[in-house]
Amino acid sequence: MSSGQITLPHICPKCKIEIAIDYQELEKKFGFRNIDQASMRNQSWCRECRKKSTKK
Ligand SMILES: [Zn+2]
C-alpha cells in the first residue's frame, strides 16, 4: 500500500485518543477528504472531535 499523503498510524491531534492503524480505521474513525485521486488526504481530526467543534 503506498500513498505519500497519509501516514499511519494516525492519531487525532485534538483528543489524542482516536487512533487509526490502517486505512479501514482511517475511513471509519476519521474519514477521507477526497479532493481527487492524486491528492487524497485523511481528515486530521477524528469524527467525534469534528462533530464537537462544529456544534456550537
Ligand atoms: Zn479526536
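The values are calculated or read from the model by the stated rules, or taken from the named source; none is laboratory data. This is a predicted model, so every value here is computed, not measured. Glycine gets a Cβ as well: all are built from the backbone with ideal geometry, and neighbour counts include every protein chain shown.
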Exercise for the section: Give the range 33-56 a look and list any residue that's touching a helix residue (DSSP H, G or I) at 6+ places or on another chain (Cβ under 7 Å) and at pLDDT below 85, or say none. Expected result: N42, Q43
Completion exercise
Here the residues within the range 7-19 that are surrounded by 10 or more Cβ atoms within 10 Å (Cβ to Cβ) and away from the ligand (no atom under 11 Å from the Cβ) are L8, P9
